[in-house]
Each structure stands twice: as C-alpha cells, then as structure tokens.
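The values are calculated or read from the model by the stated rules, or taken from the named source; none is laboratory data. As the structure is a computational prediction, the values presented were derived from the model and not from experiment. No Cβ is skipped: glycine too gets one built from the backbone with ideal geometry, and neighbour counts run over all protein chains shown. For the accessible areas, the whole protein counts, side chains as well, though only heavy atoms, and no ligand, DNA or RNA atoms are used. Shrake-Rupley method; radii C 1.70, N 1.55, O 1.52, S 1.80 Å.
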Amino acid sequence: MEDRTYLSIAYIGMIIGIGIWTWTVVSRNRRLASRITAMEHTLKVKHDETEATVPVNDDIK
Amino acid sequence: MRERKGELFLIAGFTGLVTTLFLAFNWVPSVNINAFESPEAQRIFYWHVPAAWAAFISFSVLFAGSAMWLFKRNELGWKLHIAGSEAGLACGLIAVWSGCIWGAAEWGTPWDWQDYRLNSFALLTLLALFLVLGRRSQPDGVESRDTFATFGFYGFVLVPFTYLVTRIWVIRHPGPIIAGDDASSISLEMRLAFYVGVISFTLMVIGHIITSVQITRFEQRINRLQGIIDGE
Amino acid sequence: MAEPVLELVNVTVRRGMGVVLRNFSLTVNAGDCVVLYGENGVGKSTVIETAARLLPLEEGAVKHNGSLVCDAEGRSVNPVNPFGLTLQANCLVPSQTIQQQLDNVVAICGKSYDFNSVLEQYNIGNRRNDKIAHLSGGQQRKVAVICGLIPGMVSNENRLILLDEPDSGLDDASVEVLIEQIHQLRNLGHGIVIASHDKRMRECATSLNNLSDAWHQEPNHTKPWEVSATKKSYPLLRTKIGWNLNFTTLVSVQRNWLAALLVMGCLLSIADPLGLSENQMILMGFTLAPAFTMGLVGDPVFKILMEQRSVDWWRAQSNTIPNSYLESIISGIIFTAIAMQIFIQSTDYRVILIGGFVTLITSFIVRFLQMSTVRLPRNNAVFIRLLTPVLILPWALVVDYCASL
C-alpha cells in the first residue's frame with residue numbers, strides 16, 4: 001500500500017472515532033440535562049448541585 | 001455556562017486535533033528517508049503519541065478516582081473512575097489503532113508481541129474496555145463499585161511500568177523522540193505540530209472528564225428524582 | 001456460659017446503593033430459634049447472607065461461636081465450625097446426585113452419616129441416586145433444606161443454622177417435617193435463624209424479629225434430635241470434590257478438552273508440521289497452544305458451581321472452594337504430550353511438564369479473575385475475559401524458552 005494510504009486510513013479512522021465519541025458524550029449530556037429540567041419542573045424541586053462525600057449511613061433518597 | 005464548560009473544552013480540543021491533522025498533512029516536513037521505511041506514514045506520529053499521552057492522563061484519573069472511592073467512599077472519586085475509564089478507552093483505542101496502521105507501514109507487521117510497552121499499553125486499554133462494559137452490565141451498587149474500582153486501582157501499576165520500558169527496552173518500537181537524549185531530535189515545525197497535538201488531546205480529555213462527571217451527576221440526580229416520583 | 005452461636009454486632013449493610021441494615025444487632029444463643037419476618041425488601045435475606053459472610057459490611061462485625069468471621073475492615077476468617085445454610089437459591093450442583101450433594105455437606109462437617117431416614121421423611125428417599133437436575137423444583141428445594149440442616153443433624157456441639165425461606169416450594173407435609181426437625185435441632189442446642197413469610201414457621205421460634213423489634217415466645221418442647229453421625233477426616237477435601245465433580249460430570253472434557261482438540265485440529269488443517277521443521281518457535285507454539293487454550297477456557301468446576309449459587313454456599317463455608325487444579329495439570333500434560341508427538345514427532349519431558357503447568361497457571365489466573373467478580377449482581381454479564389489477553393505475552397515467553405531447550 002502507498003504510504004499516504006496508510007496515513008489516510010489512520011487519520012480517517014481516528015477522526016471518525018473521536019467524532020462519534022465526542023458526539024455521544026455531548027448529546028447524552030444535553031439529553032440528561034433537559035430530562036432533569038423537565039422532571040424538576042414537574043416535581044417543582046430545586047436543582048441540587050452539591051457534590052458531597054457519601055457518608056456510610058446516608059440513604060440515596 | 002457551567003454546564004457547558006466541558007463541551008467548550010471538547011470543542012477546543014477537537015478544533016486543535018483538526019488543526020494538527022492539517023499541519024501533519026500539509027505543513028510539517030517529511031522525515032529523512034534513511035531514518036524510516038515509510039516516511040509519509042510517520043506523520044501518524046502527530047496523533048499517535050499525543051493519544052498515548054492523553055490515555056496516560058486518563059488512566060491516572062482512573063487510578064485517582066478508584067483510590068478515592070476505595071478508601072474514602074467519595075462520590076466524586078467514583079465519577080472520576082467512570083470518566084477516566086471512558087476517556088482512557090477512547091484515547092487508548094486511538095493510540096493502538098494508529099500504532100497498528102503505522103506499524104503495518106513501517107515494520108511490515110501491525111503488532112510485536114515481544115514489545116513490552118506495546119503489550120502493556122494494550123492491556124491498559126483492554127482494562128479500560130472491561131471497566132466500561134462491565135460497569136454498564138451491572139446495576140449501580142457498592143459491590144459493583146468496589147469490584148471495578150479495585151481493578152482500576154491495581155491496573156494502574158502498568159502505567160509506570162509502560163513508561164519505564166520506554167527507557168529500558170527499545171526493541172522494535174522506537175524510543176523517546178521528544179524527551180529523549182541527544183540521539184532524539186526533531187525539527188521546529190515537527191515539534192510545533194506535535195505540541196499542538198498534545199495540547200489538543202489534553203483539552204479533549206479534560207473536556208471529556210468534566211462532561212462525564214457531569215453526566216454521572218445528572219444520572220444520579222435522575223435516579224433520586226425517580227425515587228421521589230415512585231414514592232408518591 | 002457458652003458463646004452465642006451467632007452475633008451480628010452493629011452491622012450496616014448496603015444492597016446496591018441503598019442501606020438495608022443500619023446498626024443492626026442480633027444475638028442467637030444455643031437453643032434459640034429466631035424467625036425473621038416482614039415485608040419484601042425489609043432485609044430478612046440480607047440478615048441471613050450477612051451472617052453467612054456473603055455480604056460486605058459497611059460497619060460492624062459478624063461472629064460465629066464467639067469468633068470473628070468478618071468485619072467492616074474487610075477481614076474474612078473461615079468459621080471455626082461448619083454451619084448450616086439454605087439460601088433462597090438452592091445452591092445445589094444440578095449434575096450431582098442427591099447422594100453426592102449430601103455427601104459433600106457431610107464431608108465439610110468432618111462426619112460420616114447415613115441420611116436415608118431423613119430423605120424418607122421428606123419423601124425423596126427413592127430418589128437419592130437421581131441427579132438433582134432431574135428433580136422437580138419442590139424436590140430440589142427439599143434437598144437444599146436438608147443441606148442446611150445437616151451440620152446440626154451430625155453434631156452434638158452448638159451449631160449455627162441459617163435458613164432463608166426454607167418453606168418456599170415445599171408441600172404441607174414437608175413443612176411439618178421441617179418444623180418438627182427445627183424443634184428437635186433447637187432442643188439439641190443449635191442456634192437457628194429463619195427468614196420466612198410463612199406463619200407456620202413462627203411456631204418454631206423462641207424469638208420473632210421484624211428487624212425493628214423482637215418478641216420472645218416459648219415454643220413447643222420436643223425430644224432433641226438424635227445424633228448418629230461418626231467422625232471422619234477428609235484430607236484435601238476441596239481438591240477431591242473438584243476431581244469427583246470433573247470425573248462424574250465430565251465437564252472438563254466437554255469444555256477444556258474439546259477446546260484443546262479444536263485448536264489442534266485447526267492448526268493441523270492449516271499447516272503441515274513436516275513443512276515447518278525449520279521453525280522451532282512455531283512448532284513449539286503449536287505444541288503449547290492446546291495447553292494454553294485449556295487454561296483459558298477456565299476452571300470447569302468453578303463453572304459448575306456458578307449454577308444455582310453453589311459457589312456462594314462454598315464461599316460462606318470457606319475461603320477456598322472446590323477446584324480442578326489436579327485435573328488441569330494432568331490434562332495439560334496429556335495434551336502437550338499428544339501435540340508434541342503430532343507437531344514435533346519427539347518427546348521431551350521438560351516441555352510436557354511445562355505444558356501441564358501452563359494449563360494449571362492459566363486456569364488459576366482465569367479462575368482468580370472470575371472469583372473477583374462473583375460478588376457482582378450480574379456476574380455472568382461482566383466481561384471479565386477481556387482481561388485474559390494479558391496471558392498471551394507470558395505464554396509467548398514460555399514458548400520461546402521451550403524452543404530454546
């Protein structure tokens with residue numbers, strides 16, 4: 001195979017891979033954010049942004 | 001804006017990667033034809049090495065997150081474990097894929113089973129694949145988190161090992177080019193293109209980690225809201 | 001005063017991400033029968049499995065007969081005495097007969113016992129030589145319940161018996177037999193914990209516990225169980241059980257041996273060994289490939305034990321479970337010898353022995369990886385075998401070494 005062919009195959013594969021990966025991450029992020037907004041609006045619950053260490057005796061409720 | 005911080009990093013990184021691609025194809029000079037069997041295929045280097053570098057960053061995040069979960073039961077640690085494993089998988093696959101293509105062009109074979117660095121790097125990527133797929137197959141729980149965090153924690157021992165064998169064993173895979181001794185030197189254009197690639201992949205990984213942590217936080221938030229709805 | 005047969009000391013246990021038991025304590029003395037009752041999800045099975053060392057503790061400790069068996073620091077010590085355990089899953093090996101299954105439980109207890117009369121009481125005496133897989137669900141449940149009671153039936157010393165929904169699937173006559181036997185075992189001095197929805201089981205109880213409160217009651221008195229078992233020692237029990245499982249079920253033949261044969265067949269179909277006589281590395285690779293493949297397939301005994309959570313029953317009783325190490329090394333030696341004859345047309349005892357160890361060590365590592373995920377809720381779905389390629393490079397180094405011999 002030509003050198004440039006190897007190079008092209010490598011880069012095309014990587015661009016496609018990175019593109020798909022980035023797209024899935026970004027779209028999932030946006031989808032979840034809109035879902036939370038809808039659920040919070042329905043429940044009239046405030047958005048909770050706290051990042052906490054989970055103590056052992058804490059129920060995830 | 002805070003929610004979009006990760007996406008900004010991703011976009012910046014992706015832009016940088018495209019720039020690196022352009023520079024690699026059109027700007028950097030070719031290497032000496034006596035130094036490489038396949039001088040044109042050598043241009044894969046400008047993504048291959050930065051991808052491996054980004055993978056090491058990801059595996060480090062995976063290690064730190066796993067340790068935080070195992071020893072402190074820290075939720076952020078678990079989020080970092082998830083982000084590190086996914087980013088490590090993506091960057092590791094890119095590094096392995098580009099390396100195989102380059103190997104096929106340069107060595108006539110895509111793989112060398114006797115090269116410890118190649119194999120230990122592939123094993124790290126395989127570990128990341130196991131962690132990503134395994135975690136998705138299990139319901140979230142302390143048992144699952146403990147099990148996967150243990151693998152993420154102890155699998156990290158391969159990272160310094162892989163780095164060391166770069167210095168010790170130079171068999172078929174070339175030794176360090178950028179940070180090596182006097183025998184390793186490249187031109188200014190090559191160095192610039194390489195650094196653009198490194199910075200771009202670093203931005204991509206940072207962006208992915210931020211976004212992934214946010215995604216996990218969103219998923220947990222949804223679970224809590226679902227619990228409220230179910231309880232009504 | 002005798003130590004309690006069971007102590008749960010301020011245990012906190014999570015299932016998934018929820019806390020099921022929080023600072024829960026339970027003491028079971030000799031002669032006690034605690035019946036746990038309550039709604040689904042309240043934590044009855046969690047108490048049983050925690051007492052059986054099957055669940056990690058966030059806080060607290062578990063003791064059997066006064067000795068620590070596990071705690072929140074991750075310590076896990078084999079119980080000093082065997083204890084009876086019947087989980088909601090039957091924990092049976094379907095390809096064994098009832099006789100073989102019960103023999104194993106009796107062996108764990110270090111005793112010899114003819115349980116024919118017990119089987120007759122449950123109306124399955126005529127099925128003792130039938131495979132468990134051929135029994136109905138109710139009959140299998142009877143066997144599982146008997147397995148849980150045996151450690152109490154064969155010992156005069158105070159033993160712990162844990163039964164999770166033992167009445168589930170049993171006919172009325174069998175439930176009555178079970179209740180009577182629980183009375184007898186309790187009067188002998190054993191400590192029994194039962195989780196059950198069935199109100200009939202409550203008549204056995206000296207204490208009723210809904211995990212929030214406990215009520216004491218005075219159950220009927222019955223003559224104690226008569227112990228007629230004799231002491232017997234069983235050296236290398238787990239290796240023997242593993243060997244028997246392999247021999248009786250031929251599971252290693254249908255999994256490991258078949259894989260090795262397929263590999264040899266594939267290699268022969270693509271390469272003429274005589275044509276490769278110059279290349280020692282390739283020939284040695286062909287020779288050791290079957291042994292390596294057999295190891296990669298994994299421990300066949302472990303595979304058998306994963307059915308019906310039998311591996312959990314063994315994990316509860318001991319930190320080591322039956323294995324097929326002996327079978328692995330023998331199979332590796334046999335197939336390396338055969339492959340050597342086919343591909344190299346010579347015999348070198350060193351290579352043959354190395355082939356045996358390749359199978360043994362590979363199988364051990366694969367088993368170790370599988371054991372590390374056994375606690376996961378869906379351990380059949382986790383892709384643990386993705387990590388097995390790590391073994392390719394060491395195998396290649398072994399091949400390289402053997403080629404130089």
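Among the residues of region C:61-83, is any within 28 Å of C:LEU170 (Cα to Cα) and not in a loop (DSSP other than H, G, I, E, B)? Spell out the reasoning first.
Taking region C:61-83 and keeping what is within 28 Å of C:LEU170 (Cα to Cα), we get C:82-83.
Okay, now just the ones that are also not in a loop (DSSP other than H, G, I, E, B), so none.
Among the residues of region C:61-83, not one is within 28 Å of C:LEU170 (Cα to Cα) and not in a loop (DSSP other than H, G, I, E, B), which makes the answer no.
Taking the stated definitions as given, is A:ILE18 at the interface with chain B (Cβ under 7 Å from one of its Cβ atoms), closer than 20 Å to B:LEU8 by Cβ, in a helix (DSSP H, G or I) and modelled with pLDDT of 85 or more? Working first, answer last.
Values: at the interface with chain B (Cβ under 7 Å from one of its Cβ atoms): yes; closer than 20 Å to B:LEU8 by Cβ: yes; in a helix (DSSP H, G or I): yes; modelled with pLDDT of 85 or more: yes.
Judged against the criteria, A:ILE18 is a match.
So in region B:25-52, with the set limited to residues that are aliphatic (A, V, I, L, M), part of a helix (DSSP H, G or I) and more than 8 Å from chain A (Cβ to nearest Cβ), which one is surrounded by the most Cβ atoms within 10 Å (Cβ to Cβ)?
Our first condition is that a residue be aliphatic (A, V, I, L, M); within region B:25-52, this holds for B:28, B:31, B:33, B:35, B:41, B:44, B:49, B:51-52.
Those still in the list that are part of a helix (DSSP H, G or I) too: B:41, B:44, B:49, B:51-52.
Filter again for more than 8 Å from chain A (Cβ to nearest Cβ), leaving B:49, B:52.
Values: B:VAL49: 20, B:ALA52: 22.
Filtering first and then ranking leaves B:ALA52.
Among the helices (runs of 4 or more DSSP H) confined wholly to region B:86-198, which include 1 or more residues that are in contact with an Asp or Glu (Cβ under 7 Å, 6 or more places away or on another chain) and at pLDDT below 80? It would help to see each step written out before you state the result.
On the way: elements: B:116-137, B:142-155, B:158-168.
Where helices (runs of 4 or more DSSP H) fall fully within region B:86-198 and carry at least 1 residues being in contact with an Asp or Glu (Cβ under 7 Å, 6 or more places away or on another chain) and at pLDDT below 80, they are B:116-137.
Tally the residues that are under 20 Å from C:ILE192 (Cα atoms) and open to solvent by 50 Å² or more (accessible area, probe 1.4 Å), restricting the search to region C:3-16.
The first filter runs over region C:3-16 and keeps only residues under 20 Å from C:ILE192 (Cα atoms), leaving C:3-11.
If we keep only those that are open to solvent by 50 Å² or more (accessible area, probe 1.4 Å) as well, we get C:3, C:9-10.
The number of residues fulfilling the criteria is 3.
Report yes if B:ASN74 is at the interface with chain A (Cβ under 10 Å from one of its Cβ atoms) and free of Cβ contacts under 8 Å to residues at least 40 places away in the same chain, otherwise no.
Yes: the conditions hold for B:ASN74.
Tell me, please, whether a residue that is within 13 Å of chain B (Cβ to nearest Cβ), open to solvent by 20 Å² or more (accessible area, probe 1.4 Å), in contact with a helix residue (DSSP H, G or I) (Cβ under 8 Å, 6 or more places away or on another chain) and within 19 Å of C:ARG309 (Cβ to Cβ) can be found in region C:17-32.
Yes, the conditions are met somewhere in region C:17-32.
Would region C:320-335 turn up any residue that is closer than 23 Å to C:LEU54 by Cβ, in contact with a helix residue (DSSP H, G or I) (Cβ under 6 Å, 6 or more places away or on another chain) and not polar (S, T, N, Q)?
Checked against the condition, which is being closer than 23 Å to C:LEU54 by Cβ, in contact with a helix residue (DSSP H, G or I) (Cβ under 6 Å, 6 or more places away or on another chain) and not polar (S, T, N, Q), region C:320-335 yields at least one hit.
Looking only at region C:18-27, decide whether some residue is assigned to a loop (DSSP other than H, G, I, E, B) and modelled with pLDDT under 95. Let's see the steps before the verdict.
Looking only at region C:18-27, we keep the residues that are assigned to a loop (DSSP other than H, G, I, E, B), and these are none.
Within region C:18-27, none of the residues are assigned to a loop (DSSP other than H, G, I, E, B) and modelled with pLDDT under 95.
Find the residue count for region B:199-219, including only residues that are open to solvent by 20 Å² or more (accessible area, probe 1.4 Å) and either of a type in the set (Phe, Trp, Tyr) or touching an Asp or Glu at 6+ places or on another chain (Cβ under 8 Å) (or both).
So the answer is 1.
Being more than 18 Å from C:GLY60 (Cα to Cα), assigned to a strand (DSSP E or B) and aliphatic (A, V, I, L, M) is the filter here, so list the residues in region C:28-44 that pass it.
Taking region C:28-44 as the starting set, the residues that turn out to be more than 18 Å from C:GLY60 (Cα to Cα) are C:29-42.
Among the residues that remain, those that are also assigned to a strand (DSSP E or B) are: C:33-36.
C:VAL34, C:VAL35, C:LEU36 - these are the residues of region C:28-44 that are more than 18 Å from C:GLY60 (Cα to Cα), assigned to a strand (DSSP E or B) and aliphatic (A, V, I, L, M).
Across region C:246-276, what is the number of residues that are of a type in the set (A, V, I, L, M) and closer than 24 Å to C:GLN101 by Cα? Please lay out each step first, then the result.
First pass over region C:246-276, keeping only residues of a type in the set (A, V, I, L, M): C:250-251, C:253, C:258-264, C:267-268, C:270-271, C:274, C:276.
From what's left, closer than 24 Å to C:GLN101 by Cα: C:250-251, C:253.
Here the count works out to 3.
Those residues that are over 11 Å from C:VAL366 (Cα atoms), open to solvent by 20 Å² or more (accessible area, probe 1.4 Å) and in a helix (DSSP H, G or I), I need them from region C:293-307; list them, please.
C:THR293, C:LYS303, C:GLU307
Report, by residue number, each residue of region A:26-61 that is at pLDDT below 80, more than 7 Å from every other protein chain (Cβ to nearest Cβ) and surrounded by fewer than 11 Cβ atoms within 10 Å (Cβ to Cβ).
A:LYS44, A:LYS46, A:HIS47, A:GLU49, A:THR50, A:PRO55
Check C:LEU393 against each of (1) touching a helix residue (DSSP H, G or I) at 6+ places or on another chain (Cβ under 9 Å); (2) open to solvent by 20 Å² or more (accessible area, probe 1.4 Å); (3) more than 11 Å from chain B (Cβ to nearest Cβ); (4) in a helix (DSSP H, G or I) and name the one condition it does not meet.
It fails just one condition, (3).
Return yes when C:VAL47 is in contact with a strand residue (DSSP E or B) (Cβ under 7 Å, 6 or more places away or on another chain), within 14 Å of chain B (Cβ to nearest Cβ) and either crowded, with 20+ Cβ neighbours inside 10 Å or assigned to a strand (DSSP E or B) (or both) and no when it is not. So that I can check it myself, show each step before the final result.
Details: in contact with a strand residue (DSSP E or B) (Cβ under 7 Å, 6 or more places away or on another chain): yes; within 14 Å of chain B (Cβ to nearest Cβ): no; either crowded, with 20+ Cβ neighbours inside 10 Å or assigned to a strand (DSSP E or B) (or both): yes.
No: the conditions fail for C:VAL47.
One line per residue, one yes/no per condition, for (1) crowded, with 18+ Cβ neighbours inside 10 Å; (2) within 14 Å of chain B (Cβ to nearest Cβ); (3) under 21 Å from C:LEU274 (Cα atoms):
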{"residue": "C:SER324", "(1), (2), (3)": "yes, no, no"}
{"residue": "C:ILE334", "(1), (2), (3)": "yes, no, no"}
{"residue": "C:ILE342", "(1), (2), (3)": "no, no, yes"}
{"residue": "C:VAL351", "(1), (2), (3)": "yes, no, yes"}
{"residue": "C:ILE354", "(1), (2), (3)": "yes, no, no"}
{"residue": "C:LEU360", "(1), (2), (3)": "yes, no, no"}
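Table: residues versus (1) out of contact with any Cys (no Cβ under 8 Å at 6 or more places or on another chain); (2) touching a residue at least 40 places away in the same chain (Cβ under 8 Å); (3) farther than 28 Å from C:GLY16 by Cβ; (4) within 14 Å of chain C (Cβ to nearest Cβ).
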position	(1), (2), (3), (4)
B:ALA64	yes, no, no, no
B:LEU70	yes, yes, no, yes
B:HIS81	yes, yes, no, no
B:LEU89	yes, yes, no, yes
B:LEU93	yes, no, yes, yes
B:GLY99	yes, yes, yes, no
B:VAL132	yes, yes, no, yes
